[in-house]
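Where a number appears in this text, it was derived from the coordinates with a stated rule and is not lab data. This structure is a prediction, so every number in the text was calculated from the model and none was measured.
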Amino acid sequence: MVITGYGDGPTVVGEALVGRAGFWGCHLLGLCEDGACDERAEPAWFGGDGADADALAEVLFDPERWPVFRVPVEGAAPGGGVAVVYRNLDGDGGVEYRRTGGVTGAVTGAVTGGATGGGTGDVRLSWGELVAVADGPGGGGDGVSDRDERFLLLLPCLRGTWEEAVARERVVAALVAVGAPEDTVERAAGHLLGHLERRAVNEPGWKSPLSGR
């Protein structure tokens, strides 16, 4: 498949991997790379176990095949929305969030406008924008259609400020919906939001999420 910015790179459709045990541990633990954890997160917090996550990591981070997870957006041209790309370059790997196709309409403005920045093509979404994109009906094309999966796929794009209680409730509900165990889900949600807040502190114009602004 062709993704803007990758030319003939080895990108492949990856949506079938979302339902496999260990996927969310691999995807969401990427937020923990800042090394600021008070407690080390475990793959089992997000469903599956360490063995599941290790097995799936071999597929997700294969340098010969870069999985792409498409999140279609309402109002986009065919194939339009956000592409979550596992850029498995040797020595320069990472996960990128790229705009695809043409988009119109208020709900999708963040995907095409100032919410995209930096040299990596990262999509940055406010809390309201993240919820609107995740809960929207999508563009009717191929890609991830489940609202909880869409929300968690794009959660690392969250920027700005948010209301702590509202965000925690939504993250907990989404994690439970994709199979996270209920006895550790509150810990997992707090861990993810803590990393997102620490990242937000270093961005211009930051205000505490407790402000609700």
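What are the residues whose amide H is under 5 Å from the amide H of S126, where those residues sit 5 or more places off or on another chain and H is modelled from the backbone?
Amide H to amide H, under 5 Å and 5 or more residues apart or across chains, S126 pairs with R159.
Enumerate the amide H contacts of R87 below 5 Å, restricted to partners 5 or more residues apart or on another chain; note that Pro and chain-start residues carry no placed amide H.
Answer set, sorted by chain and number: G94, V95, E96.
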